[in-house]
Amino acid sequence: HPFMTRTGWKSMAPEATLAETGNFSVGELKVGDEVLRLEAAKKRDKPMIVAGEFVPTPTVEVSIETEFSELRSITPHEKDPLTMVYNLKLDGNHTYFANKYLVHNK
């Protein structure tokens, strides 16, 4: 998956990202790149006022704090080729935090 860096989206294999998506060109992710990391996420319930009274609602406000963090190493790890993996299909901007890093779903 491409990672958000200070200079834009980058992946370990930019050619593979482009081949898989057909239109998403990214740079190559390298040691020293600064990647966007989730530092904190805070949720606050947003009650409604009904007939002059506060009532609980399922509405919440979420705020996030992020920070760029230098990528210090890239180490390949061998995994069982039968390991189940998933690719999320998302609406909107197709991004989410995975292990606290902002990634694109390809």
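Contact list please: Cβ distance under 9 Å, first residue in region 38-52 and without any contact (Cβ under 8 Å) to a residue 24 or more places away in the chain, second residue part of a loop (DSSP other than H, G, I, E, B) and open to solvent by less than 100 Å² (accessible area, probe 1.4 Å), pairs at least six apart or on different chains.
If the second residue must be part of a loop (DSSP other than H, G, I, E, B) and open to solvent by less than 100 Å² (accessible area, probe 1.4 Å), the pairs left are 45/57; 45/59; 46/57; 46/59; 47/57; 47/59; 48/57; 48/59.
Among the listed residues 25, 11, identify the single one that is open to solvent by 80 Å² or more (accessible area, probe 1.4 Å) and of a type outside the set (A, V, I, L, M, F, W, C).
Being open to solvent by 80 Å² or more (accessible area, probe 1.4 Å) and of a type outside the set (A, V, I, L, M, F, W, C) holds for just one of 25, 11, which is 25.
Among 61, 65, which is closer than 20 Å to residue 97 by Cα and either under 18 Å from the mean Cα position of the chain (by Cα) or β-branched (Val, Ile, Thr) (or both)?
Being closer than 20 Å to residue 97 by Cα and either under 18 Å from the mean Cα position of the chain (by Cα) or β-branched (Val, Ile, Thr) (or both) holds for just one of 61, 65, which is 65.
Under the condition of being basic (Lys, Arg) and over 21 Å from residue 10 (Cα atoms), which residue from region 44-102 is least open to solvent (accessible area, probe 1.4 Å)?
Looking at the filtered set, the residue picked out is 46.
Return the residues of region 38-72 that are at pLDDT 95 or above and either farther than 29 Å from residue 5 by Cα or not in a strand (DSSP E or B) (or both); say none if nothing qualifies.
Scanning region 38-72 gives 71, 72.
Where residues in region 28-37 are assigned to a strand (DSSP E or B) and of a type in the set (D, E, K, R), which of them is most open to solvent (accessible area, probe 1.4 Å)?
Restricting to residues being assigned to a strand (DSSP E or B) and of a type in the set (D, E, K, R), the top hit is 28.
Please go through region 80-106 and pick out each residue that is outside any strand (DSSP E or B) and under 16 Å from residue 68 (Cα atoms).
Of everything in region 80-106, those that are outside any strand (DSSP E or B) and under 16 Å from residue 68 (Cα atoms) turn out to be 99, 100.
From 55, 35, 60, 85, grab the single residue that is in contact (Cβ under 8 Å) with a residue 40 or more places away in the chain and of a type in the set (A, V, I, L, M, F, W, C).
One residue alone meets the criteria, 35.
The values are calculated or read from the model by the stated rules, or taken from the named source; none is laboratory data. Predicted model, so just to flag it, every value in this text is computed and none were measured. Here the Cβ is made from the backbone with ideal geometry for all residues, glycine too, and neighbour counts use every protein chain on show. Just so you know, the surface numbers come from the protein's heavy atoms only, side chains and all, with ligands and any DNA or RNA stripped out. Shrake-Rupley method; radii C 1.70, N 1.55, O 1.52, S 1.80 Å.
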